[in-house]
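Asks: Let me give you the structure first, and then I'll get to my questions.
A short reminder: the numbers here are calculations on the coordinates, not readings from a lab. Quick caveat, the model's predicted, so the values are computed rather than measured. Note: ideal-geometry Cβ built from the backbone for every residue, glycine included; neighbour counts use all protein chains shown.
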Amino acid sequence: MSSGNLKALAMLAKQRLRNASTSHEKYNTVNDVNRNSYFYKNFISLKRVSGQVEYINLSTTEDYEFIDKVFSILKDNEDVLNPIAILTDKDTYDSLNVVEKEKYILVLADKYLRARNMYFSSKEKEYA
């Protein structure tokens, strides 16, 4: 990666961090969560800077299965130390190149964070 691309990415990340505190968007669906996430926007910015185009099709059934998996992990132990390692599909991960591995982990971490927040918010509603 050239230094020009790296500087452009750093500037985009800095702008997103500045604007993150002023943005109070509400999410309606699982797909909205993925499209509006910090990691997804960072990846799209990287694609824009490098000039590559990629189309991503988000499946809601996979997302709901993922959320169920996260919920079951958190029900067993809310203080789980390695949730990303538990959720990672080893065969898929091993078949990816370095950039795809980074994207896979970033998207997985973002989806886990959103599902974890959903778990704890539903738990708070249950006790209220």
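Asks: For the pair Asp89 and Glu126, what calculated FRET efficiency results from E = 1/(1 + (r/R0)^6), where r is the Cβ-Cβ distance and R0 = 41 Å, to the nearest 0.05?
Replies: On the way: r = 30 Å, r/R0 = 0.74.
Efficiency computed from Cβ-Cβ geometry: 0.85.
Asks: Taking the simple approach of a point 7 Å from Cα along Cα-to-Cβ for both Asp68 and Ala10, what is their distance in nm?
Replies: That separation, rounded to one decimal, is 4.6 nm.
Asks: Provide the gained length on full extension for the span Asn82 to Glu102, in nm with one decimal, where the gain is 0.36 nm per separating residue minus the Cα-Cα distance.
Replies: Numbers: separation 20, 0.36 × 20 = 7.20 nm, distance 1.68 nm.
That pair, Asn82 and Glu102, stretches by 5.5 nm at full extension.
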